[in-house]
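S.K.: Quick one: structure below, then a few questions.
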Amino acid sequence: MKKLWWLVVVVTLGVFALQFQLWAQEIVLMHDKGGAPDWQTPFTEMAKICAEELGIEFTPTPFPTTDVFMSAVRTALPTGKAPELFTWWSDFRMKPLVDTGLVEDVTALWEKHKDEYDPAFRDAFEFDGKVYGVPTKLAYWVVYYSIPVFKKFGLEEPKTWEEFIKICDVLKANGVVPLGSTVQGRWPTFIYFEDLMIRTNPDVYIDLMVGKAKYTDEPVKKVFALWKEMIEKGYFSDPATDIFADYPRLMAQGKAGMILIGNWYEGQLIQMGLKVGEDVGAFILPSIDPKVGKVIIYEAAPMLLGKNAPGKEKALQIADWWMSPETQYKWCKLMGFVPSNKKTSTDFLSVPMQNVVKQVAQENYRLINRFWEATPTDICEEAVDKFAEFILNPGKMDQILEDLQKVADTYWSSH
Amino acid sequence: MVGEKLSSYLFILPALAMVVIFLLIPAGYTVVVSFTKWDGLGIPKFIGFGNYFQFVRDHVFLTSLRNTVIWVIFTLAFSVFLGLLVAYFVNRIRLANLFKSLFYIPLTISAVTTGLIWLWMYSPDLGVVNTLLRLLGFPGRSWLSEVPLNTYAMIWAWTWKTVGMNMVIFLIGLQTIPTEPVEACKIDGATEWQTFRYVVFPMLRTITTVVVAMSLINSFNIFDIIYVMTDGGPYRSSETLAVSMFRESFVLFHMGYGAAIAIFLSVVVLFVSWIYVREVTKREVHY
């Protein structure tokens, strides 16, 4: 009996030791999209492909919310149990991690693949000449519109800002919500600000993001005045509308016409039973000032490598494989993303998005990073609340612009 | 004797270890962090009481404090009062079990799910609340983006969830009240209100103390339903102290300031609960 007891102890300890060894060798990919949107299923699929093609296994590890994910990553990065790979956000969102030296420099990989990527895209991950992430997502911000609603009122995709405003007027006059907008969820409040800004003065937008222009400057005031006019004319949906759950339904019911958003929104539209290309079309918002030229907001998200991660070498191999045109094709096809690798085919995208990608490439559009990543996080987090206050109280415009500048001044005075 | 004592200590050791590891050490660590400026990545910088002095200059903190007070007052007014009212009437009617179940069901749903259900119900375009209002000829409202309507709308959702719990506790109290004093009141010609006011309610004092103390603590710490329904917005107008603490610590990574809010909140909850229980037990009446 005693021998049997010892045998059980030894076997149990052996199993634990083996498990610990396996944990120690495991390459982990942490991400925050385990629910909606679901990145876990495509990441699992990519892990299988990686094991087959590269002979390296990685384990996608989802977190229930973004806040929990960010805390977990920041806590783990300085330790010896840092994740080998983790999804993140570009530009100023990744700067604190880069500044503390907790993420791996992958400049060599970008040099190897330099003919395959747009330099504007690389800029989003570059600090002091070094690049720190490999691409997981590229999205263009376009206007999705209801094709039946446009047909019903004899409308066509606008080529100029004036045509776009006319569409808003026609929809409004017929009881259809012209544009989706919300203060719910906080972050979507910057959407119209950034898009109006880059279509009137993209250089001031870029300067504003890095503290070289002020929120109280005339070009910014003009944009706010235009935004105010659009709010007061009733072009936007109720500010409490859930643009993810409710707005696609409103579009499907013919009660809403358009929404300006990243092309990942197609997933939301498809979930509501809408067919992109048949029920919903897409166009790039025309410039307000024609002198501005052709501009579009892009959103780039990287996958970063933990510098202190035990399996860093294998993670670098995965990162190299990940950047190749073939892997990008598989990943983007699974996700419905615009491929960031120029050599990757776009044949899996919806027809409207294929046209947008072609238009961006052929007409030499200027790519500008979105507000969420392009300005320091401390400013951004306060600004999205100020934008919400403006959406709900457009009459407080001057006070809000002064408040925004105070936030920016506080940040830039110590950075 | 010594062996007996030692074994007693051994029995409480696991629970004690849990309290020390998961409560006392983190609490002490939070106190230390509250005296620093730290983003959770670099080296913390000691700033003394700087984070605590910032409270008076931070309008978001003051809004959160005001909202927390509103939550406490209205949770007591709605959830506790309605719980008592429902328990009193349910205790006297024929279909008591049916009504008990109806009021109890929302309690079995998690706070997050409750938040999601009411989020859909308050939807300005497709929600049932505005649909009903429009059917009755009233205009719809932006329940979650109008300030301060959004806070009251969430308090109502929370009341819907918690009233059943308070009802059950009050029912237990009501069922322990002996029938003789109530019958004596009736024989003496007391009205329904007089019977409740002078006999039933005083005999529920202990139960009421428990319900009010629980509601106080829960409403001071209210977080999940706000996190789901408005995320403290718009423009941080519906944050409570618990939500502000979370946002400062885990969204803005102002770890020191978040820790200071946590300490402030804990001290307030402990102090208010202690004062309340002390005052109530002083006035305890024994029959």
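The values are calculated or read from the model by the stated rules, or taken from the named source; none is laboratory data. Everything quoted here is computed from the prediction, not taken from an experiment. Positions of Cβ are generated from backbone atoms using ideal geometry, with glycine treated the same way; all protein chains shown enter the neighbour counts.
S.K.: Considering every residue within the range A:355-365, establish whether at least one is assigned by TED's automatic domain parsing to the domain that holds A:V28 and of a type in the set (D, E).
M.R.: Checked against the condition, which is being assigned by TED's automatic domain parsing to the domain that holds A:V28 and of a type in the set (D, E), the range A:355-365 yields no hits at all.
S.K.: Taking the stated definitions as given, is A:G180 within 14 Å of another protein chain (Cβ to nearest Cβ), at pLDDT 95 or above and buried (at least 20 other Cβ atoms within 10 Å of the Cβ)?
M.R.: yes
Okay, residues lined up against (1) under 29 Å from A:M323 (Cβ atoms); (2) out of contact with any helix residue (DSSP H, G or I) (no Cβ under 9 Å at 6 or more places or on another chain); (3) at pLDDT 95 or above:
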position	(1), (2), (3)
A:P119	yes, yes, no
A:R122	yes, no, no
A:Y140	yes, no, yes
A:T160	no, no, yes
A:C168	no, no, yes
A:L171	no, no, yes
A:G185	no, yes, no
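S.K.: Out of the residues in the range B:86-108 that are within 19 Å of the chain's Cα centre (by Cα) and surrounded by fewer than 14 Cβ atoms within 10 Å (Cβ to Cβ), state the one that is farthest from B:Q175 (Cα to Cα).
M.R.: Among them, the one singled out is B:T108.
S.K.: What's the total number of residues in the range A:372-384 that are within 14 Å of chain B (Cβ to nearest Cβ), closer than 15 Å to A:D195 by Cα and not in a helix (DSSP H, G or I)?
M.R.: 0
S.K.: Can you tell me which residue is nearest to the other protein chains (Cβ to nearest Cβ) among those in the range A:143-165 that are hydroxyl-bearing (S, T, Y) and touching a strand residue (DSSP E or B) at 6+ places or on another chain (Cβ under 8 Å)?
M.R.: A:S146
S.K.: Of the residues that make up the range A:68-76, is at least one crowded, with 18+ Cβ neighbours inside 10 Å, in contact with a strand residue (DSSP E or B) (Cβ under 6 Å, 6 or more places away or on another chain) and within 14 Å of another protein chain (Cβ to nearest Cβ)?
M.R.: Yes, the conditions are met somewhere in the range A:68-76.
S.K.: Also: Would you pick out the residues in the range A:385-402 that are under 19 Å from B:E146 (Cα atoms), more than 9 Å from chain B (Cβ to nearest Cβ) and among the aliphatic types (A, V, I, L, M)?
M.R.: A:M397, A:I400
S.K.: Let me ask something else about it. Determine which member of the set B:R247, B:R278, B:R205, B:R197 is among the basic types (K, R) and closer than 30 Å to B:I47 by Cβ.
M.R.: Exactly one residue qualifies, and that residue is B:R247.
S.K.: Right, B:P124: within 14 Å of chain A (Cβ to nearest Cβ) and in contact (Cβ under 8 Å) with a residue 24 or more places away in the chain or not?
M.R.: no
S.K.: Within the range A:99-136, which residues are within 14 Å of another protein chain (Cβ to nearest Cβ) and either closer than 23 Å to A:P62 by Cα or touching a Ser or Thr at 6+ places or on another chain (Cβ under 9 Å) (or both)?
M.R.: Correct list: A:L102, A:V103.
S.K.: In addition: Would you confirm whether any residue within the range B:50-61 is assigned to a helix (DSSP H, G or I) and within 30 Å of A:T79 (Cα to Cα)?
M.R.: So far as the range B:50-61 goes, yes, one or more of its residues are assigned to a helix (DSSP H, G or I) and within 30 Å of A:T79 (Cα to Cα).
S.K.: Restricting to the range A:230-258, name every residue that is among the acidic types (D, E) and closer than 21 Å to A:Q271 by Cα.
M.R.: Within the range A:230-258, A:D242, A:D246 meet the criteria.
S.K.: Could you name every one of the helices (runs of 4 or more DSSP H) located completely within the range B:165-281 that has at least 1 residues being crowded, with 22+ Cβ neighbours inside 10 Å?
M.R.: Filter on the range B:165-281 gives B:205-220, B:224-229, B:241-250.
S.K.: Exactly one condition in (1) within 14 Å of chain B (Cβ to nearest Cβ); (2) surrounded by fewer than 23 Cβ atoms within 10 Å (Cβ to Cβ); (3) within 21 Å of the chain's Cα centre (by Cα) is false for A:P239; which is it?
M.R.: Status for A:P239: all satisfied but (3).
S.K.: Among the residues of the range A:319-351, what is the count of those that are closer than 25 Å to A:G101 by Cβ and out of contact with any Asp or Glu (no Cβ under 8 Å at 6 or more places or on another chain)?
M.R.: Of the residues in the range A:319-351, 3 are closer than 25 Å to A:G101 by Cβ and out of contact with any Asp or Glu (no Cβ under 8 Å at 6 or more places or on another chain).
S.K.: When the residues of the range A:353-371 are filtered to those that are part of a helix (DSSP H, G or I) and surrounded by 21 or more Cβ atoms within 10 Å (Cβ to Cβ), which remaining residue is nearest to the other protein chains (Cβ to nearest Cβ)?
M.R.: A:F371
S.K.: Scan the range A:32-67 residue by residue and report those that are within 14 Å of chain B (Cβ to nearest Cβ) and more than 21 Å from B:E248 (Cβ to Cβ).
M.R.: Residues satisfying the conditions are A:G35, A:A36.
S.K.: Looking at A:G257, A:G234, A:G273, A:G281, can you tell me which residue is on the phi > 0 side of the Ramachandran plot and modelled with pLDDT of 95 or more?
M.R.: Of A:G257, A:G234, A:G273, A:G281, the one residue that is on the phi > 0 side of the Ramachandran plot and modelled with pLDDT of 95 or more is A:G234.
S.K.: Which ones in the range A:166-177 are away from every other protein chain (no Cβ under 14 Å) and either crowded, with 19+ Cβ neighbours inside 10 Å or touching a Phe, Trp or Tyr at 6+ places or on another chain (Cβ under 8 Å) (or both)?
M.R.: Scanning the range A:166-177 gives A:I167, A:C168, A:V170, A:L171, A:K172, A:N174.
S.K.: Would the range A:244-254 turn up any residue that is of a type outside the set (F, W, Y), surrounded by fewer than 16 Cβ atoms within 10 Å (Cβ to Cβ), touching a helix residue (DSSP H, G or I) at 6+ places or on another chain (Cβ under 6 Å) and touching a residue at least 12 places away in the same chain (Cβ under 8 Å)?
M.R.: yes
S.K.: Quickly run through the range B:121-152 and pick out the residues that are among the basic types (K, R) and not in a helix (DSSP H, G or I).
M.R.: B:R141
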